[in-house]
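Remarks on the structure that follows.
Computed from the coordinates by the stated procedures, all read-outs in this text should not be read as laboratory data. If you're wondering where the values come from, they're calculated on a predicted model, not measured in any experiment. Note that each Cβ is placed from the backbone with ideal geometry, even for glycine, and that neighbours are counted across all protein chains shown.
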């Protein structure tokens, strides 16, 4: 800009849509890093011990012996994860 030119007119900010920066894109509750590790470990164990179809069915169906869905129990606590590991071993052996 030289000394002879008038300043540029102000932009019409009111006409532009406002962008939300740094907004949380995920609304759902995320699992903890420990829960994610247990989920991964139990899924891999079930896959290797039971096979793909049986592992998916077992982990995602309610199990009366465990009192819940095995994948949820494994993610919720270390004790739940251990109980699900024992149930997978029992299925494998039985």
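When 64, 34 are ordered from fewest to most other Cβ atoms inside 10 Å of their Cβ, what list results?
64, 34
Please arrange 38, 69 by counting, for each residue, the other beta carbons lying within 10 Å of its beta carbon, fewest first.
Sorted ascending by nearby Cβ count, the order is 69, 38.
Please compute the modelled spin-label separation between residue 92 and residue 52, points set 7 Å along Cα→Cβ, answer in nm with one decimal.
If labels sit at residue 52 and residue 92, their model points lie 2.0 nm apart.
Give the residues of the stretch 61-81 whose amide nitrogen is closer than 19 Å to a point set 7 Å from the Cα of residue 28 in the direction of its Cβ.
So the set is 61-62, 69-77.
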